[in-house]
């Protein structure tokens, strides 16, 4: 794989990459703090409207990105689309079966799992931020 495929993308990708990357980094850094992670899980578990709102936002943002960003050629394009697909999946789960998610969020391991998942946001977000800074349109 050449360096060009790692940092190039469509004009849309170069615009979306730093936005998605910044969100991933900020969200990950926030959720890596145990208190914040505990509070988010408690809010989602205890307030069904919060769970529905977060699910709706995740679903619609992910679906919008997938609808308008139809590029799958370079690594940044694939990463942006996979993050969007994850948001659709995450949001759909929150909307379709909130009772199951609330049951999972009661378990103590939920905080550890969310924090571990957040760790993936740091390198992915950093990569997308870097693409936004030094990437070029193909």
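The values are calculated or read from the model by the stated rules, or taken from the named source; none is laboratory data. Because the structure is a prediction, the values reported are computed rather than measured. No Cβ is skipped: glycine too gets one built from the backbone with ideal geometry, and neighbour counts run over all protein chains shown.
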Worksheet item: So which residues in region 111-130 are surrounded by 16 or more Cβ atoms within 10 Å (Cβ to Cβ) and farther than 12 Å from residue 76 by Cα?
Response: 111, 114, 115, 118, 121
Item to complete: Answer with yes or no whether residue 98 is surrounded by fewer than 18 Cβ atoms within 10 Å (Cβ to Cβ) and either modelled with pLDDT under 95 or under 16 Å from residue 50 (Cα atoms) (or both).
Response: yes
Worksheet entry | Yes/no for residue 85 being modelled with pLDDT of 95 or more and surrounded by fewer than 16 Cβ atoms within 10 Å (Cβ to Cβ) | yes
Discussion item. Filter region 1-14 down to the residues that are under 15 Å from residue 133 (Cβ atoms) and either touching a helix residue (DSSP H, G or I) at 6+ places or on another chain (Cβ under 8 Å) or at pLDDT 95 or above (or both) and list them by number.
Written reply: 6, 7, 8, 9, 13, 14
Fill in: Sole residue being out of contact with any strand residue (DSSP E or B) (no Cβ under 7 Å at 6 or more places or on another chain) and closer than 23 Å to residue 26 by Cα, chosen from 103, 84
84
Worksheet item: For region 2-60, list the helices (runs of 4 or more DSSP H) that sit wholly inside it and hold at least 2 residues that are touching a strand residue (DSSP E or B) at 6+ places or on another chain (Cβ under 7 Å); which are they?
Response: 11-31
Worksheet, complete the sentence: Only one of (1) touching a helix residue (DSSP H, G or I) at 6+ places or on another chain (Cβ under 6 Å); (2) part of a helix (DSSP H, G or I) does not apply to residue 71, and that is (2)
Worksheet entry | region 22-37: number of residues that are in contact (Cβ under 8 Å) with a residue 12 or more places away in the chain, surrounded by fewer than 16 Cβ atoms within 10 Å (Cβ to Cβ) and more than 15 Å from the chain's Cα centre (by Cα) | 1
Worksheet item: Inside region 64-74, can you point out the residues that are over 25 Å from residue 50 (Cα atoms) and surrounded by 18 or more Cβ atoms within 10 Å (Cβ to Cβ)?
Response: 69, 74
